[in-house]
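The values are calculated or read from the model by the stated rules, or taken from the named source; none is laboratory data. In this text the structure is predicted, and so the values were computed from the model without any measurement. Glycine also receives a Cβ, built like all others from the backbone with ideal geometry; neighbour counts cover every protein chain displayed.
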Amino acid sequence: MSASTFTPRSLFAGLALLTLAAAPALAQAQALERVEIHGRVVEATPRYDVHAACKGLDNQLASALTKAWLEEGRYGEVKVQLVLENGRVGAAEATGISRAVSRKVRAAMHRLDCAQQAAGTQVYRFSVDFIDPNATTIGETRTAARGFRING
């Protein structure tokens, strides 16, 4: 039997080689995510610049989200995933606060009219914060008159 010895240098070199070989595959796997749209699965990289894709997003959603804010009387964050296909809403998911609030946010997303320039499927992630009108911090009281803030 022969005993093999590994030096710290050879172990480090082997680990570095393994890292270099696996890094591109891992980066690519994290960049693309699968999204189901009407029974069809597509892969897309999530984006966080929804205001650039949907000009006037705040104004388009103002009445629906303000109504939800007033009716539900609940405050907090709703996380949204919006899928646009050639500028049209293909799918929308919303989670947070309650099922009723999430349902109203999702319905409002389906009424969006985005004049997106990019062709194909784009996935956007952002949050809608429903703000407590009795908030004491300066940042929250400036937008509390409207009742919501879109972060993304």
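Brief remarks on what is shown
- Annotation: of all residues in the range 130-152 being among the small types (Gly, Ala, Ser) and within 17 Å of ASN59 (Cα to Cα), the one that is modelled with the lowest pLDDT is ALA144.
Rundown of residues vs (1) touching a helix residue (DSSP H, G or I) at 6+ places or on another chain (Cβ under 7 Å); (2) closer than 19 Å to ASN151 by Cβ; (3) touching a residue at least 24 places away in the same chain (Cβ under 8 Å), yes/no style:
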| site | (1), (2), (3) |
| --- | --- |
| LEU70 | no, no, yes |
| GLY76 | no, yes, yes |
| GLU85 | no, no, yes |
| ARG88 | no, no, yes |
| ALA92 | yes, yes, no |
| VAL101 | yes, yes, yes |
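- Segments classed as strands (runs of 3 or more DSSP E), wholly inside the range 20-102, with at least 2 members that are modelled with pLDDT under 80: 33-37, 40-44
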